[in-house]
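The values are calculated or read from the model by the stated rules, or taken from the named source; none is laboratory data. Predicted model, so just to flag it, every value in this text is computed and none were measured. Note: ideal-geometry Cβ built from the backbone for every residue, glycine included; neighbour counts use all protein chains shown.
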2 protein chains.
Amino acid sequence: LIYSYLYRGAGWLVISLVGLATGFCAGIIDIGASWMSDIKLGICVNAFWLNQEECCWVQNNTAFGEEGCSEWYTWSEVFGHSTIDAGSYILNYIFFVMLSVIMAFLAVIFVRAFAPYACGSGIPEIKTILSGFIIRGYFGAWTLVIKSITMVLAVASGLSLGKEGPLVHVACCCGNLFAYLFPKYHQNEAKKREILSAASAAGVSVAFGAPIGGVLFSLEEVSYYFPLKTLWRSFFCALVAASVLRWINPFGTDHLVMFYVEYNTPWSFYELVPFSVLGILGGLYGVLFIKLNLWWCNYRKSSNLKRHPVLEVVVLALITAIISYPNPYTRQSSSRLIATLFKECGPEDDIDLCDYKRNFTRVDQSIYPTAEAGPGVTNALWQLSLALVVKAALTVFTFGIKVPAGLFIPSIAVGAIAGRIAGVVMEQVAFNNPSWFDSCSATGKCVTAGLYAMVGAAACLGGVTRMTVSLVVIMFELTGGLVYIVPLMVAVVISKWVGDAFTKGGIYDGHIELNDYPYLDSKREFIHNTLAADVMRPRRGSPELTTFTQDNMTVEDIEMLVSETTFNAFPVVVSKESKRLVGLVYRKELVQALKKSRNKYNAVSQSKVCFTNEMPLHPSPDSPSPINLLYIVDQSPFQVTDQTPANTVVEIFSKLGLRTCLVTQNGTLHGIITKKDVLGHIGALESIHPESMLFQ
Amino acid sequence: LIYSYLYRGAGWLVISLVGLATGFCAGIIDIGASWMSDIKLGICVNAFWLNQEECCWVQNNTAFGEEGCSEWYTWSEVFGHSTIDAGSYILNYIFFVMLSVIMAFLAVIFVRAFAPYACGSGIPEIKTILSGFIIRGYFGAWTLVIKSITMVLAVASGLSLGKEGPLVHVACCCGNLFAYLFPKYHQNEAKKREILSAASAAGVSVAFGAPIGGVLFSLEEVSYYFPLKTLWRSFFCALVAASVLRWINPFGTDHLVMFYVEYNTPWSFYELVPFSVLGILGGLYGVLFIKLNLWWCNYRKSSNLKRHPVLEVVVLALITAIISYPNPYTRQSSSRLIATLFKECGPEDDIDLCDYKRNFTRVDQSIYPTAEAGPGVTNALWQLSLALVVKAALTVFTFGIKVPAGLFIPSIAVGAIAGRIAGVVMEQVAFNNPSWFDSCSATGKCVTAGLYAMVGAAACLGGVTRMTVSLVVIMFELTGGLVYIVPLMVAVVISKWVGDAFTKGGIYDGHIELNDYPYLDSKREFIHNTLAADVMRPRRGSPELTTFTQDNMTVEDIEMLVSETTFNAFPVVVSKESKRLVGLVYRKELVQALKKSRNKYNAVSQSKVCFTNEMPLHPSPDSPSPINLLYIVDQSPFQVTDQTPANTVVEIFSKLGLRTCLVTQNGTLHGIITKKDVLGHIGALESIHPESMLFQ
């Protein structure tokens, strides 16, 4: 009884372990990335293991500005240039570029040498694996270690990439490793996939500090089959992972989330107009990004570039570093940039973006009235516009290189920049024409520029990934802006509409197609009026299907058929004439069984093979004794009739996760449908009727 | 082309209309219920259409306490007893009881007279309908109108019930009505169900002001089949409904949510211990509630009580009103009670519960340090304990009576009371032993009693309904307490574990079983090692299956077979000997086709009937001409082999929503499996191995 309880409790144990491990990995990666990012700018002289913030914090110098505190030395200061002049600027610049390139080089070298699967975001592959395809070693221990290390390096190198997608991959590696320990999960691919679904939820949960968002991400974007039990376990796994991360507390704040905003000023209904515009822009950005990125990835595959992945990464890191350093908004890490953009300006902020002509009489005021922008704001807007173009362009070339590279943070950054610019512009319009907007009169606060940045971020990320509910949940878990559900929803809805009008799937679907992974989208509808007979092989007029008969073939016959064809499975029928279906034999098992028969049971080429319960009578005593292979026959293959509508066939394949299905008519076997046939059929029909995908 | 776009856009149009209508209904219901609840206590003399809060608010008398403002007259004041003495108390008491009973009486009379389907919560029925069963008229226009009216009356009467479940039903009625306008949805039950899924999301969205929670509720609790497209539309529908409700603004606050809390003081890790205890208590409460409520409903069904539903409601209302009035925590409406319990005590609160020995030096302080409780708090705790027992007991008898009755608000109220009591106790323990808890020293604030109320509410509701993710999301959307995800998750997880250890489903599943609705839970796993052959009819040893042959039966033969049996479908085979399957004929269509043949085509009893493409040759010119009924044969019935594992069969039925499936072996027909057979098989196995449901 105890064993049986243990057996059943194994699921919860695995889930807990996965959550713990994921939270732990994420904590280490966060701390590492933050330290390595800052090392490009300088070093904490007395305690080199601290990052800039911690270094200054130890000194109780909490109000560190852009130039840092006394204990934090920029590289030029380390080498004696204590004055701020052209020389020290150039020295810092060189160090920044050099360290960036070295980190990127190390990252790509590690990936190349130890774990080629560690590159990229991993989400397209995880989607494919969860749909039933197997990529051996994709979730190996080695991948886990290397991806964690190179992720830190890649993020720190300043390349336009994020650590969120890769964290999902790392979480899945943890899931796979722990599943390995329990025979219940090790032996059953379907059960293992449930663990992986839960692990992806944990990955997003720690990536953004958004446990609910993680569960929804797993449901909406990653998982193929998501029963309620998995929902429930994902939820638990995400909870454990988030708790561990909070306990490690990598950001030094007590908040679980990265970009927590303090304001909750209400928004007005007329603001839905600019939010919708941001939604449209986000959708268009998504379409453009997907098209350009796929074009570039195709170019990479077909050109010489694919033979020099290391060089590509190094050159990209060099260009990125050179362009990024002069602009303060691209110099800092993307996460910090986003946090700055989401925030509202308070009295303690002395950056350009907050250069408003106001006098702060009361420091403890919670709402600051809208004020006229000073010259610093204009300056900041120009720098932001430049940063927008640079980020957007670099991300196109970065997503798909051979280092761990997530897409979330860059997309959010692009959206946040665009949104913040729109927000500041709106703010000034409202300030100069307060009579246009009635809400201004009450508090003097008309437009929250940080909210526009959030909405823009949601719109861009929505355009790129086409997530809906999970995105809104992630956004408000990320920022704590629960009162802004409606603006976020509006932007995401519009962004998805605009995006879907131009390209039919998100960037992950694009990459799945690019890499030719066999992925059958269970979430899409098939609306054509074809029949199973149109999908099956053999096609009308083609030679007949290769079948085995139940009891009158010899070992030699079968071996010949197997070697002549490349099919993975062969139907067994009662006789060539009646063609009544007995079952399905898989090539792999057949070959093994025949070998075993030859070696162990002295079967010879002339031995009869039968796939039936009743052994045939020995025809004569001197003929070799027949062998029975019924035990390798799958006696319950799925079957449909040839009159079954193709959309039912697609439904069966996607909902039940089938790979093969037999087609019968009046009890006789007519053909076979494999997953590949279904995908081919859908592809063929879609290329004929592309407009049918609209409005799905 | 325009028509085709319109056809495709119909989905979005329907969804928008449903959202609009739902938001509108919810707004009216909220305003009505709030006014009617207050009318039991008194009236606004100069503007009787205002409720207590609005009445006082118009007078700029915002700080109204329990006794109300000058414009608000209690009933005793209306009749001249302006002093507060025993006489006026009794007069008020009598009015309270009388009005309660009248409202309850009207509610039950309306339901009885006009729309019997309007009673109850509706969620068990909606679950069943979304799983494919049809209850005619359940979503009729009449039901919509009556349910909206009686909901207001029932809530206002003070019975221990909520308006959340019924609002989901109202939303589904709206969904059904608008779906009726579009042929695309009217004619297709599956597509209509997608609209209903979205409508339920809108219902919860307006019930709690929780759009995301609504979508998840629809996914987790209500819907049977929830593809990504539906997720996406539900999201939109919930958004529209929530926006309309916010525009109507029934609560007079600008917040969408009812129980918005202002604090976000952090919680400490050691507090997870009391939260877990609340989780355990919530789970136990859920189990007890489900058992007692089902026992009472069974008793109602089997006793004389079922013939006197009006009397039952009136007596229950009478008892409820008599018990409720003396205790201030049961006298006010449940929603207001919950709002009070979730809040923290501020300087403006002068109720007993907030009688702490502290002096408020700074009014604008955001965190008030923990203080010693005064005698008022002790008093309040006793009253709350009493209220807890009363609410819990009354809810058991209330859920299931013949008025619209939701379960959410009463469960939340019970949990909030228990949680608040635990919170206050913890607070005083912490105050007296500050050294035990390290967080107290920093801010002087150790324990947030309102947070305990929230956690308790989540635990109780979780125990009763067994919702997980959706419940957590609803709770934090409801309260705005995004920082409290982890405590809420912990309580819900533990509550569900405890609950599942005792009873296997939530209250809704209990009521589905109670009413014998044919509901096959797609979200549960089937883990027994039986085969399709064990599920199918005919059983081994029973007489053979009734089948038709393809081409040698006469009209008379078929009519006889049809009248002799009660099957809904008959398989057609090639011949009695070969038993090779041709297709399936449904009784309804067969009877119609035969009648038509007799009337129109002069078929006689001796006419041959064939179900094949090739008409048999006329045997002789004087025999009647044969009729071909191939057009009524379903030529693509689902088939499985008899060796198929039963869990695969269950999977096929639940995932594909089948009703009938044929069983073949080697191409010959062996039996038939209907949804009823599957449910019977599961039921039989579960009663043998009840422990197998544990740890699911």
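Can you pull out every residue in the range A:577-596 that is surrounded by 13 or more Cβ atoms within 10 Å (Cβ to Cβ) and over 47 Å from the mean Cα position of the chain (by Cα)?
Listed by number, the list holds a single entry, A:Ser578.
Do we find that B:Val649 is assigned to a helix (DSSP H, G or I), facing chain A (nearest Cβ under 10 Å) and surrounded by 23 or more Cβ atoms within 10 Å (Cβ to Cβ) in this structure?
Yes: the conditions hold for B:Val649.
Out of B:Gly480, B:Gly499, report the one residue that is of a type in the set (Gly, Ala, Ser) and either at the interface with another protein chain (Cβ under 9 Å from one of its Cβ atoms) or farther than 20 Å from A:Lys229 by Cβ (or both).
B:Gly480 is the lone residue from the list that is of a type in the set (Gly, Ala, Ser) and either at the interface with another protein chain (Cβ under 9 Å from one of its Cβ atoms) or farther than 20 Å from A:Lys229 by Cβ (or both).
Going by the conditions given, is A:Asn552 away from every other protein chain (no Cβ under 14 Å) and more than 27 Å from B:Ser578 (Cβ to Cβ)? Explain how you work it out, then say what you get.
Working: away from every other protein chain (no Cβ under 14 Å): yes; more than 27 Å from B:Ser578 (Cβ to Cβ): no.
Criteria not met by A:Asn552.
May I ask you to list the residues in the range B:368-418 that are of a type in the set (D, E, K, R) and over 23 Å from B:Gly279 (Cα atoms)?
Answer for the range B:368-418, where residues must be of a type in the set (D, E, K, R) and over 23 Å from B:Gly279 (Cα atoms): B:Glu372, B:Lys402.
Tell me which residues, restricted to the range A:439-477, are modelled with pLDDT under 80, buried (at least 24 other Cβ atoms within 10 Å of the Cβ) and more than 9 Å from every other protein chain (Cβ to nearest Cβ).
Passing the criteria: A:Cys446, A:Val447.
Give me the helices (runs of 4 or more DSSP H) completely within the range A:207-309, filtered to those with at least 2 residues that are under 27 Å from B:Trp232 (Cβ atoms) and either away from chain B (no Cβ under 14 Å) or of a type in the set (Lys, Arg) (or both), ordered by residue number.
In the range A:207-309, the matching helices (runs of 4 or more DSSP H) lie at A:228-248, A:272-302.
Determine whether B:Leu99 is surrounded by fewer than 19 Cβ atoms within 10 Å (Cβ to Cβ), modelled with pLDDT of 85 or more and not in a loop (DSSP other than H, G, I, E, B).
On the way: surrounded by fewer than 19 Cβ atoms within 10 Å (Cβ to Cβ): no; modelled with pLDDT of 85 or more: yes; not in a loop (DSSP other than H, G, I, E, B): yes.
In short, no.
Of all residues being part of a loop (DSSP other than H, G, I, E, B) and among the charged types (D, E, K, R) in the range B:59-81, which is modelled with the lowest pLDDT? Just the residue, please.
Applying the filter and picking the extreme gives B:Glu66.
If the requirement is being on the phi > 0 side of the Ramachandran plot and surrounded by 20 or more Cβ atoms within 10 Å (Cβ to Cβ), which of these qualifies: B:Gly165, B:Gly158, B:Gly175?
Checking each option against the conditions leaves just B:Gly158.
Considering the range B:261-313 alone, what residues qualify as being small (Gly, Ala, Ser) and at pLDDT below 90?
Matches in the range B:261-313: B:Ser268, B:Ser302, B:Ser303.
Quickly run through the range B:550-584 and pick out the residues that are assigned to a loop (DSSP other than H, G, I, E, B), over 18 Å from B:Met536 (Cβ atoms) and in contact with a Leu (Cβ under 9 Å, 6 or more places away or on another chain).
B:Val574
Could you tell me how many of the residues in the range A:559-576 are surrounded by 15 or more Cβ atoms within 10 Å (Cβ to Cβ) and out of contact with any strand residue (DSSP E or B) (no Cβ under 6 Å at 6 or more places or on another chain)?
Matching residues across the range A:559-576 total 4.
Pull up the range B:654-665, narrow it to residues that are at pLDDT below 80 and outside any loop (DSSP other than H, G, I, E, B), then point me to the one that is farthest from the other protein chains (Cβ to nearest Cβ). Let's see the steps before the verdict.
To start, the set of residues in the range B:654-665 that are at pLDDT below 80 comprises B:654-659.
Still in the list and also outside any loop (DSSP other than H, G, I, E, B): B:654-656.
On the way: B:Ser654: 10, B:Lys655: 5, B:Leu656: 6 Å.
The extreme case among them is B:Ser654.
Tally time: how many residues in the range A:212-234 are within 15 Å of A:Ala202 (Cβ to Cβ), at pLDDT below 85 and of a type in the set (D, E, K, R)?
Adding up the residues that qualify gives 1.
Please find, among B:Val609, B:Val604, B:Val640, the residue that is part of a strand (DSSP E or B), away from chain A (no Cβ under 14 Å) and either touching a Cys at 6+ places or on another chain (Cβ under 7 Å) or at pLDDT 75 or above (or both).
Within the list B:Val609, B:Val604, B:Val640, the selection yields B:Val609.
Return the total of residues in the range A:178-195 being surrounded by 24 or more Cβ atoms within 10 Å (Cβ to Cβ) and either touching a strand residue (DSSP E or B) at 6+ places or on another chain (Cβ under 7 Å) or hydrophobic (A, V, I, L, M, F, W, C) (or both).
So the answer is 2.
One line per residue, one yes/no per condition, for (1) within 19 Å of A:Leu99 (Cα to Cα); (2) more than 14 Å from chain B (Cβ to nearest Cβ); (3) in a helix (DSSP H, G or I); (4) modelled with pLDDT of 85 or more:
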site	(1), (2), (3), (4)
A:Val14	no, no, yes, yes
A:Leu17	no, yes, yes, yes
A:Leu20	no, yes, yes, yes
A:Gly23	no, no, yes, yes
A:Gly32	yes, yes, yes, yes
A:Ser37	yes, yes, yes, no
A:Glu54	no, yes, yes, no
A:Trp57	no, yes, yes, no
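Identify, please: which residue in the range B:82-92 is of a type outside the set (A, V, I, L, M) and at pLDDT below 75 and is, among those, farthest from B:Ile43 (Cα to Cα)?
B:Thr83
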